[in-house]
Amino acid sequence: MRIVITFLGPRYREGPFVPISSLDRDIESHLADKSVRYTSGRRLVVGALAKGGGPRSAAELHSDLHPRVPLSSLYRSLTVLQDAGVIVPHFSAHGITRYELAEWITGHHHHLVCLECGAVEDIDISPGMEARVRNLVDEMAGLVSFTPVSHTLEIEGRCSRCK
Ligand SMILES: [Zn+2]
Ligand SMILES: [Zn+2]
């Protein structure tokens with residue numbers, strides 16, 4: 001498990017799948033605040049990530065989006081969107097960087113990481129379960145007088161396909 005500090009917004013806490021239209025408007029105004037243009041290529045990258053299912057690598061996004069988004073523009077979009085706080089990188093045990101929409105967009109969730117095939121899936125847990133996770137995180141951080149702001153729980157193992 002790793003404890004990371006991230007900005008956690010109040011919106012979209014109900015789950016990772018949100019209608020692309022309202023999501024697009026919010027991201028557009030978020031980018032406008034940072035004087036970043038929401039180009040069609042960037043919209044396509046966000047749209048591909050908004051489909052859910054877990055973090056995706058540049059290669060996976062490329063196979064989804066080419067030829068509409070050329071590879072060079074895909075990499076540039078990933079950098080720009082990451083710098084602007086719209087997407088966040090996820091580093092897997094296999095050394096592959098995958099990207100997902102930031103939690104202020106998707107809502108809080110955790111990850112299941114397959115050690116065989118490297119697949120990373122999102123998992124939502126009930127508010128009751130989440131409260132138990134938060135208590136445990138608070139307790140652990142309290143051991144070293146660390147103040148937790150947020151957390152990411154990663155469960156490593158074997159996915160149903162690799163069993
Ligand atoms: Zn697997
Ligand atoms: Zn949690």
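The values are calculated or read from the model by the stated rules, or taken from the named source; none is laboratory data. Computed from a predicted model, the values in this text were never measured in an experiment. Quick reminder, even Gly has a Cβ in these numbers, built from the backbone with ideal geometry, and neighbours come from all protein chains shown.
Yes or no: segment 77-91 includes at least one residue that is under 29 Å from Arg43 (Cα atoms) and among the acidic types (Asp, Glu).
Within segment 77-91, one or more residues are under 29 Å from Arg43 (Cα atoms) and among the acidic types (Asp, Glu).
Only one of (1) hydrophobic (A, V, I, L, M, F, W, C); (2) part of a loop (DSSP other than H, G, I, E, B); (3) at pLDDT 95 or above fails for Ile5. Which number is that?
Here Ile5 meets the rest and fails (3).
Hey, can you tell me all the residues within segment 92-119 that are β-branched (Val, Ile, Thr) and either over 11 Å from Arg56 (Cα atoms) or within 16 Å of ligand 2 (Cβ to nearest atom) (or both)?
Ile105, Thr106, Val113
In segment 42-99, what residues are without any contact (Cβ under 8 Å) to a residue 24 or more places away in the chain and at positive phi?
Hit for segment 42-99 is Gly95, nothing else.
Looking at segment 120-163, which of its residues are exposed (fewer than 11 other Cβ atoms within 10 Å of the Cβ), away from ligand 2 (no atom under 13 Å from the Cβ) and without any contact (Cβ under 8 Å) to a residue 40 or more places away in the chain?
Glu139, Leu143, Val144, Ser145, Thr147, Ser160, Lys163
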